[in-house]
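Asks: I have a structure I would like to understand better, so I am pasting it below and will then ask my questions one at a time.
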Amino acid sequence: MNLNPRHTALLDEVRAHGPQTIEALSERFGVTLQTVRRDVQRLAEAGLLARFHGGVRLPSSTTENIAYRQRQAMQSDAKLAIARAVAARVPNGCSLILNIGTTIEAVARGLLRHRGLRVITNNLHIASLLSANPDCEVIVAGGQVRGADQGIVGEATVDFMRQFKVDIGLIGISGIESDGTLRDYDYREVKVARTIVAQSREVWLAADHSKFNRPAMVELARLDELDLFFTDRPPPAPFDQLLAQSHVECVVADHPTS
C-alpha cells in the first residue's frame, strides 16, 4: 500500500507509545472513529499493524520481516533523504560494500553520478542499478539468491566477502534495540553483514526512525561498532546517549522538498 501522511503518523504513534485504542487514535488525530478503523484495517491488511478488540498494536513477530514490496513503500521520503545524505559523504574513487535492504538500494540510486567507485554487493537490485553507471565497477558476491528480495546469502557469500578490505561498508538493519544492538531476521544475512563490518575500514549504518525500538531475532552488531549513522530524525533516548558515548557521528538527513 501507499502510505499517506496520516497512515505514517498513525504508525509512528503506535511505535512510540505502544498499543493504542481506536478512541485514543481518533482523539489524537482529530478524525472520526470510522476513519481510524478504515486506516487500521488497511494497515493491518498490509501487515504493518496487528488488531485486537478495540485497538491496535505493532506486529509482535521477531522472526519474520515485512514483505519486500511493503518495505519499498514504507518511509520512502525518509529513505530518499538518507540516500542523499549518504551519497554526499561518499567520495569519488573509493571502494564500498553495500548490503541488502531497501534503504541501501535508495543509496545506490544516489551514487549513479559518482565516479571511480568500486562496489561489492550481495544485492542483485543494487548490482542492476549501479551497472548503469559507466564509472562504477560492480562486483557481485556469490551465494544463494533469496527470492523474496534478490539478496545473496550463505556461507559462500561470507567467504567471498572475506577477500576484500574496503574503505566503506554500508549496512542496513531491521531494528535497533535500546541496549544498542543492531538486529535483523535472517541469520544467513546477518553472517554476511558481520563479515562486511569486519572487512570495512569504516562502517556506516543507514536506517530511518522506524527502526528504533523495533525487535528482531538475530544480533548483527552494536552501535559502538559504527563510525557513521545516517537517519532522518534525531534519535530518541537512550539512542542519542549511546551514540554520543560510542563517539559515533550521527547525520540527521533533511527531508527532500521536491
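Read-outs throughout are calculated quantities, based only on the coordinates presented, and are distinct from any laboratory measurement. Here the structure is a predicted model, which means the values were calculated and not measured.
Asks: Tell me, what are the semi-axes, in whole angstrom and largest first, of the equivalent ellipsoid of region 5-60 as set by the roots of 5 times the Cα gyration tensor eigenvalues?
Replies: 15, 12, 11
Asks: Continuing with the same structure: Between L80, L220, L58, find the one with the highest GNM mean-square fluctuation for the chain; connect C-alpha pairs within less than 10 Å.
Replies: Greatest mean-square fluctuation among the candidates belongs to L58.
Asks: Name the long-range amide H neighbours of G175: under 5 Å, sequence gap of 5 or more, or other chain; modelled H, no Pro or chain starts.
Replies: Here the answer is R183, since their amide H atoms fall under 5 Å of that of G175.
Asks: Right, something else. Between Q241 and D227, 0.36 nm times their residue separation minus their Cα-Cα distance comes to what?
Replies: Using 0.36 nm per residue and subtracting the Cα-Cα distance, I get 3.5 nm.
Asks: Okay, next question. Read through the labelled values (1) 7, 30, 35, 20, 7, 1; (2) 7, 32, 40, 18, 3, 0; (3) 6, 24, 27, 20, 12, 7, 3, 0 and report the label of the one computed as P(r) over Cα pairs in 10 Å bins from 0, in percent from the structure.
Replies: This structure yields the entry labelled (1).
Asks: Nearest 10 degrees, 0 to 90: what angle lies between the long axis of helix 33-45 and the longest principal axis of the chain (Cα atoms)?
Replies: Tilt relative to the chain: about 30 degrees.
Asks: If you don't mind, another one. So what J values fall out for region 189-194 if you push phi through Karplus, 6.51 cos²θ - 1.76 cosθ + 1.60 with θ = phi - 60°, rounded to Hz, Gly and Pro as x?
Replies: Once rounded to whole Hz, the list reads 5, 5, 4, 5, 4, 4.
Asks: Provide the per-residue ³J(HN,Hα) series for region 8-13, in order, calculated from phi with Karplus coefficients 6.51, -1.76, 1.60 and θ = phi - 60°, each as a whole number of Hz, with x at glycine and proline positions.
Replies: 4, 5, 5, 4, 4, 5
Asks: I need the phi-derived Karplus couplings for region 219-232: 6.51 cos²θ - 1.76 cosθ + 1.60, θ = phi - 60°, integer Hz, Gly and Pro marked x.
Replies: 6, 9, 6, 10, 4, 6, 8, 8, 9, 10, 10, 9, 8, 10
Asks: Under the rule of at least 5 residues apart or a separate chain, name every residue whose amide H is placed under 5 Å from the amide H of A221.
Replies: Distant-sequence amide H within range of A221: L182.
Asks: Given bins 10 angstrom wide, list per bin the percent of all Cα-Cα distances in region 181-233, short to long.
Replies: Result, from short to long distances: 23, 58, 19 percent.
Asks: For region 137-218, count the residues as N, evaluate 2.2 N^0.38 Å, and divide the Cα radius of gyration by that value, please.
Replies: 1.11
Asks: For the chain, modelled as a Gaussian network with Cα springs under 10 Å, which listed residue fluctuates most, Q20, Q199, Q163?
Replies: Q163
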